[in-house]
Amino acid sequence: MRIFFASQSFYPSIGGVSTYLYNLARELQSSGNEVSEIHLRSPGEEGAEALEGINIFRVPKEPLDRELLKGYYQFKELIYNESHRNLGLIDRPLEQMPGYAEFVKLNDIFGTQIGELLEYHKGEIVHVHDFQLLLLYKYIPRGIPLVFTWHIPLAKNISKDLARFLVEHMSQFDATIFSSPQYIKTAIHHGLPKAKAKLIYPICNTDLFTKKRINKIKVRRHHGLPPKAKIILCVQRIDAKSGHEPLIRAFARVREKIKNAHLVFVGGKSMSNLLSQERRRYERHIFKLIAALNLKKSITFTGSIPYESLPFVYNSVDVYALLSYNEGFGLSVTEAMACGLPIVGRRVGGIPEQIAHQKNGFLVPEDDDGTIAARYLTRLLKDRNLRAIMGKESLRLVERKFKMRFSVEKHLSLYTALKLAKHGPTLPERQNISAIITDFDHTVTDSPGQLNVDILRSLRRVSKNLILVTGRPIVYVKKLTRRFGGWVCIVAENGAVIYFPKSGQTITFNSRFMRSARLKAKNAPFPVKRGRVILSVQGHKARSLRSLVGPGTLRHLQEHTNMSERMLLPRSVNKARSLRIALDILHLNPEEIIIIGDGENDLDLFHLPGTKIAVANAHPALKKLADHVTTSAATEGIKEIIKLLSS
């Protein structure tokens, strides 16, 4: 799929939206999709470059006029501030407010150039991020599905003029993504059609942000933090909505009871911080407050920290706190949770979606001035056992709700649904098919292990390049090929082994942690299936296997469902990555493949380019990613596909 993102800024620029976009773009690109990112060009930046395979275009080609930027930022800040909380600054239609003409002009400059890029690059999806580029829909050909993501809070009591302006333009997109159910209700209340409102949590890189064993003192010293203090961390730029003042006031109370407590703020200055006088005034106010409370030596502002270093900072502190007055989601909360921290946050925006009160942290009321927050922070810093219990619950919540792949799959499902709504289901011409990839059980079999040989022969008549992708052990699939033949490649053990029957070449992906798990499971007092790499047990024995392997090793592995079984395999292994390697070796174009699957462990495959087909008995999540769903199950569904491809 060729996907275009448009945003005000992008990585390595700091901020939640930039980070969100970088992780989403990278994951989509690594799955074989072609991703292009278009954003505003800062002075000195190149007009175009590639970053980890992502095509980056910066517009406009020529530097923007400073007066144009000032007007644009004035209008943008008005929307930003009023969406967070109604300050009564909008007293007439937005088209009459200062800066509106410059806002339209900048969208026009941006839109004209993105239109030119789309003519050349033929995008299949255009996804616009945040209100700064709300008018871009006017420049996108209407045949291309259009998605908009609203990244900031949306207050219910905003002025009627702002509500009308936002909904009028949001409604021009095919779908608008929000980060919390609360904002969806608010948008519908203001008039956005319910069918166009979608809930997708922002992406946290849960492969990077993990609980780590580190030398905490070494990390702290590297970043200029006191090595033996009890540290409260907040990753947030300074602006009026970000809650620095109540957190500082709360910290002053904490210091009265815990003398070695220390507060750390991480975050640099965005483009808005540099141009906004209001934000500069608030920053001066914060430093005056710190001086007045005699906390200069107890509070550290680190400035911006490289993204790859942030997980080590999270792992080096004791508690995470975010007391924003309003928050679109609070992605830093997810990052802290993924690193196993207890959280103290305000009950606003997307923060309650992440904090289960008294489970993985504490929620303070919207109007708390820091008094209640101080009580919770003090309690956590005094009680190491409570921090450990709540930190473990944070990890469990991330595993259940906020894993990176969940959000990526929801984005792909939405893109696929919008493409189908615009153009209907399509199958490639037979002569354009480079390979057909199928799962095994319940796809080319009706009963586990019972291959339908007629189906295999019929598929070979459609394409000579058949590839089998399965969770079955390599020993089993080698026996299968000796008996039936027909496949040019088999990806076995959920991607841990690639086998080429003609040459006998075998590629294995393993890790020392997987080998350790296999040793521990060698004399298990319950049945454990052992592949060349993976381990699997019946679902009811999954907990026993986890206990046997131990949390230290499990942290470096992943768990997948395959029918009634649970599999353990190396963290970096999946069917999609191994299939991409196989396609490269066979010199087959991934854009021209057909992938047919049914199970939950086929989800990674359906992130790849090409045509994805789910048989009728497929997992519901797989159907959402499919370009086509058969009306019949298993082998009858395959017959249906063969008939369509042959006609």
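The values are calculated or read from the model by the stated rules, or taken from the named source; none is laboratory data. Bear in mind that the values here come from a model prediction, so they are computed numbers and not experimental data. Cβ: placed from backbone, ideal geometry, glycine included. Neighbour counts: every protein chain shown. The accessibility values were calculated without ligands, DNA or RNA, using every heavy atom of the protein model including side chains. Shrake-Rupley method; radii C 1.70, N 1.55, O 1.52, S 1.80 Å.
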Under the condition of being in contact with a Leu (Cβ under 6 Å, 6 or more places away or on another chain) and under 16 Å from residue 593 (Cβ atoms), which residue from the range 470-498 is most open to solvent (accessible area, probe 1.4 Å)?
487
Is it fair to say residue 312 is at pLDDT 95 or above, within 28 Å of residue 131 (Cβ to Cβ) and surrounded by fewer than 24 Cβ atoms within 10 Å (Cβ to Cβ)?
no
Scan the helices (runs of 4 or more DSSP H) fully inside the range 242-352 and keep the ones with 1 or more residues being under 29 Å from residue 154 (Cβ atoms) and touching a Pro at 6+ places or on another chain (Cβ under 9 Å).
331-338
May I ask you to list pairs of residues, at least six apart or on different chains, whose Cβ atoms are under 7 Å apart, with the first in the range 304-316 being of a type in the set (Gly, Ala, Ser) and the second being in a loop (DSSP other than H, G, I, E, B)?
304/14; 304/267; 304/268; 316/214
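Table: residues versus (1) part of a loop (DSSP other than H, G, I, E, B); (2) among the charged types (D, E, K, R); (3) open to solvent by 60 Å² or more (accessible area, probe 1.4 Å).
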position: 63; (1), (2), (3): yes, no, yes
position: 70; (1), (2), (3): no, yes, yes
position: 75; (1), (2), (3): no, no, no
position: 79; (1), (2), (3): no, no, no
position: 87; (1), (2), (3): yes, no, yes
position: 90; (1), (2), (3): yes, no, no
position: 95; (1), (2), (3): no, yes, yes
position: 101; (1), (2), (3): no, no, yes
position: 105; (1), (2), (3): no, yes, yes
Going through the range 499-530 one residue at a time, which ones are under 19 Å from residue 441 (Cβ atoms) and either buried (at least 22 other Cβ atoms within 10 Å of the Cβ) or free of Cβ contacts under 8 Å to residues at least 40 places away in the same chain (or both)?
499, 527
Every residue from the range 541-553 that is surrounded by fewer than 17 Cβ atoms within 10 Å (Cβ to Cβ) and either under 30 Å from the mean Cα position of the chain (by Cα) or within 19 Å of residue 495 (Cβ to Cβ) (or both)
543, 547, 550, 551, 552
Going by what's in this entry, would residue 638 be described as crowded, with 17+ Cβ neighbours inside 10 Å and either outside any helix (DSSP H, G or I) or out of contact with any His (no Cβ under 7 Å at 6 or more places or on another chain) (or both)?
yes
Which condition number does residue 117 fail, the rest of (1) surrounded by fewer than 15 Cβ atoms within 10 Å (Cβ to Cβ); (2) in a helix (DSSP H, G or I); (3) in contact with a strand residue (DSSP E or B) (Cβ under 8 Å, 6 or more places away or on another chain) being met?
(1)
Given the conditions (1) assigned to a loop (DSSP other than H, G, I, E, B); (2) over 23 Å from residue 147 (Cα atoms), which single one is not true for residue 426?
(2)
Going through (1) touching a residue at least 24 places away in the same chain (Cβ under 8 Å); (2) of a type in the set (S, T, N, Q); (3) open to solvent by 10 Å² or more (accessible area, probe 1.4 Å) one by one, residue 360 fails only at (3)
